[in-house]
Amino acid sequence: MAKRKCTKEGCYAPDDFCFELASPLHEQCQFFVKTEATEAPAKAAKKLAAAKSIPWTGEWLQPEQLDLLTHRGTPKIIGLVGSSGAGKTSYLAMLYSLLFNGKRIENWDFAGSYTLNGWELQAKTLQVQEDGTVRNPDATPSDKDFYSLYHLALRQDGFLHDILFADSSGEVFSKWADNVNDPAAENARWIYGNAHAFLFFVDCEAIIEQRGRAKRDIVQVAEQVKSQLRGRPVVIVWSKADLAENMRENIVEAIKRSLSETFPGAISLEISNYSKSDSDQLCHINNVGVAKTVLNLLANPQPLRINPAPIQTDDFFFLYRGSNGSK
Amino acid sequence: MEANNEILIIGPPGTGKTTFLAQLYGRLLDKKGKLQLASAPENIDGIKSAYNRLTDGEETESTPASDNLEVKIPVIHEGREFVLHCKDYGGEQVRDLVALMEYDKTWIDRTKMNDRWILFIRPAEIEQRFDLSKKGYAEKDQKQSNSSISGPSDQSQFIELVQVLLHARGTGMKGLIETPRLLIALTCWDELRTDLTPKDILQQKMPLFTQFIAANWLPEAFKIIGVSAQEFPLKTDEDRDKYLDEMPQNFGYLVLEDNPKEKDLTRLIEESLTL
C-alpha cells in the first residue's frame, strides 16, 4: 500500500505526531489531507490493507540483520575461506542440492531457513539444462560491502541451532591475506572476526594449473587465518578432487605438510560436484560430511587449555594463596 | 495444551480445497460417515456452486482470488455436536503470502484462531529438479547461456509458506510444535497411480520439506494422509455419466494408515480433530 505522507516540511505524520496540530490526529490536518490525492489506487488492489510484512525476505542475510535470529539463541557463523574460484559458492550450492534431493546431515535435522531464495539461486547453477550442460556459477562480487550469509536452522538432539554460512569472494580473501588492513577487504575482516569456525578451501584445479604458485597463495591465506584463530575449528576442504590424480605429488605433499603445521589436527576432506554413482564418496558423502564435521566441531568445542603462568614476584599480595595454600 | 476444534484448510490454487469441501458436504448430508449433519446450515453459499457442479458431473471451478467465504455446518461427531467452520478462499491468497512476503489481518486471525491446520498439497504437480547431485556429470556451459531458468522450487515455497504461517500465528520454532496440529493431505491421489504410502510419497516428492516438518513438530502432532476427493477427472462424457448415475457421494476416498481406500471422506476431519 502506498504510504501517505504529509506535505508540510518537517512533519513526519503518520509515523510521528502531526507537526501542525501537535497531536496524533494527523488525519484532520489540512496538509495531510492534501496528500491523499497522490495515492496510487492501483497498488491497493493487489496489496491488502494493513498488510504486515515478514522480517525476512528469503534473500541472503547481511550482518546487520542477525537480530532476526538472536531472539532464539546465538547464531553460529561458518566462514568460507579460499582463493577465487576455489569452489566456495559451488560447495554451498551442492550442499543445498543434496539436502533438497533427500540427503541428510546425520544428527542435524533441517528445521528451516530464512534465506531459501539465496540457496535456491545458487543451487540453480548446478541444474542440468536441456542441452545437458550446467551453468558456470557467477563469481561472487568482490565488492567490499558484499556479504552473503546463508542460513540453516538445524535441530540436534531437540535443540535448535542457527547456522550461517558466510560466503564472500575469493579475491577479497587474497587481498586480506596480503594485508589484513586493506580497505577493500572489509567483508573478509568481518568474516574472520566473527566466524565461529572456518572451512578452508584448497583448489585442486589451481594446483594442477599453477603448480608451485598455488602453494604460495594457500600458505599465505592459511598463515593469516592462523594468526588470530583463538582455537576456532578449521576444516580443510580439497575442492574439485575428481581431478586430484593430476596434481604433482611433491606439491601436494608440500601443501599438506604446511597445512598440518599451520592447523595441527585439522580434518581434511576431498569433495567434488561430479559423481560416478549414488552415493559417491567425493560428491554425496563428503559434501555433506564437510557440513557434519564442522557442525560437530561447533557443537562440541575443544576445551581451551590455559597454562597458568608461574608468578615471578616477591610481592606478598600476589603470593598469598589463602589458608589452604600455606599448608 | 488443549487445542480447539477450529480447522483451517491451507492450500495453494488448484490443490482441491473447494472440491473436497463440496464432497465433504455431500457425505455429511448422507449421514453415513463418522461425522454427520446435525441440522441444515443456514446457508451454503460458499460451496453451493461447487456442490451443484459435481452433481451435474462437472469439475469444480477455481474460487476467485479475493473470495473469503465461510460455511457453518452443524455436525455430530461421536455424540458431540459442534459447528464445522468451512472456510473457502481463493488459493492465490496462499501463493501471495510467499510471493509478497506479507500477510494481512485476515491471515493473522486465521492462523491464530484455528488450532488445527490441514495443508493441501497436490504431489503430482510438484516439479522435480534435475541437478548435478542427481545426474553425476555434465559439461560446463562456458557461454553462460541464459536459457530459461524457472523460479523458486515448489519444495522451497512450501517450506517458506509454513514458516510464514507460523510467524503470522506467533509460534516460535525453538521448541517442538504441539499446536497447531498439522494434517498434511496429499490431494488428487488418483493422479499418482501408486501403491506407496502418503508418507513415502511426500518423502519422495519433497524430502527437504518432510525433514522440515518432522524436525519442528512433535511426532504425535502431525500426520500425512492421501485424499482423492473426486476419484477420477471429469473429462469424458463416460466419466460424467458415472457421476450423474451414481451421484458424487459415491466417489472419492482417503488413504489412511488403517485403510488405503476409505470411502468416508468425513474421516479426514476426524483425523484432524483427533491429532
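The values are calculated or read from the model by the stated rules, or taken from the named source; none is laboratory data. Not measured: the values here are computed from a predicted model. Because the Cβ atoms are built from the backbone with ideal geometry, glycine has one as well, and the counts that use them run over all protein chains shown.
For this structure, a couple of remarks:
- Between A:Ile207, A:Ile236, A:Ile163, the distinction of being farther than 29 Å from A:Leu66 by Cα, buried (at least 18 other Cβ atoms within 10 Å of the Cβ) and not basic (Lys, Arg) belongs to A:Ile207 only.
- Restricting attention to segment B:157-204, the residues that are among the basic types (Lys, Arg) and within 15 Å of the chain's Cα centre (by Cα) total 2.
- Each residue in segment A:61-76 was checked for being under 17 Å from A:Ala111 (Cα atoms) and either of a type in the set (Val, Ile, Thr) or surrounded by 14 or more Cβ atoms within 10 Å (Cβ to Cβ) (or both), and 7 of them qualify.
- Residues (surrounded by 14 or more Cβ atoms within 10 Å (Cβ to Cβ) and of a type in the set (D, E, K, R)) located in segment B:41-57: B:Lys48, B:Arg53
- Residue match in segment A:129-151 (condition: within 26 Å of B:Ile177 (Cα to Cα) and at pLDDT 90 or above): yes
- Filtering B:Ile225, B:Ile184, B:Ile213, B:Ile201 for residues that are closer than 28 Å to B:Met113 by Cα and within 14 Å of chain A (Cβ to nearest Cβ) leaves a single hit, B:Ile213.
- For B:Leu100, the conditions (1) over 25 Å from B:Leu202 (Cβ atoms); (2) in a strand (DSSP E or B); (3) at pLDDT 85 or above are fulfilled apart from (2).
- With respect to the conditions (1) over 24 Å from B:Lys205 (Cβ atoms); (2) within 8 Å of chain B (Cβ to nearest Cβ); (3) surrounded by 18 or more Cβ atoms within 10 Å (Cβ to Cβ), A:Gly132 lacks only one, and its number is (3).
- Contact map, segment A:207-222: residues that are closer than 15 Å to A:Arg257 by Cα paired with residues that are among the aromatic types (Phe, Trp, Tyr) and outside any helix (DSSP H, G or I), Cβ distance under 7 Å, separation 6+ or inter-chain. Pairs shown: A:Ala222/A:Phe200.
- Flag for A:Val180 being assigned to a loop (DSSP other than H, G, I, E, B), away from chain B (no Cβ under 11 Å) and of a type in the set (A, V, I, L, M): yes
- Taking the conditions (1) under 29 Å from A:Glu59 (Cβ atoms); (2) part of a helix (DSSP H, G or I); (3) out of contact with any strand residue (DSSP E or B) (no Cβ under 6 Å at 6 or more places or on another chain) in turn, B:Ala65 satisfies each one other than (2).
- Looking at B:Arg53, B:Arg95, B:Arg110, B:Arg116, just one residue is within 14 Å of chain A (Cβ to nearest Cβ), at pLDDT 85 or above and over 30 Å from A:Glu130 (Cβ atoms), and that residue is B:Arg110.
- Single match in A:Ser90, A:Ser97 (criterion: modelled with pLDDT of 90 or more, under 23 Å from B:Leu132 (Cα atoms), more than 13 Å from the chain's Cα centre (by Cα) and more than 8 Å from chain B (Cβ to nearest Cβ)): A:Ser90
- Filtered by the rule that a residue be under 23 Å from A:Ser272 (Cα atoms), at the interface with chain B (Cβ under 10 Å from one of its Cβ atoms) and touching a helix residue (DSSP H, G or I) at 6+ places or on another chain (Cβ under 7 Å), segment A:137-169 gives a lone residue, A:Pro137.
- Those residues of segment B:160-212 which are more than 30 Å from A:His161 (Cβ to Cβ) and among the polar types (S, T, N, Q), in sequence order: B:Thr187, B:Thr194, B:Thr197
- Entry remark, segment B:149-174: residues being more than 20 Å from A:Thr70 (Cα to Cα), at pLDDT 90 or above and more than 7 Å from chain A (Cβ to nearest Cβ) number 6 in total.
- Failed item in (1) within 21 Å of B:Gly16 (Cα to Cα); (2) of a type in the set (Asp, Glu); (3) not in a strand (DSSP E or B), with B:Glu70 passing the rest: (3)
- Residue within segment A:142-162 that is of a type in the set (Asp, Glu) and in contact with a strand residue (DSSP E or B) (Cβ under 6 Å, 6 or more places away or on another chain) present: yes
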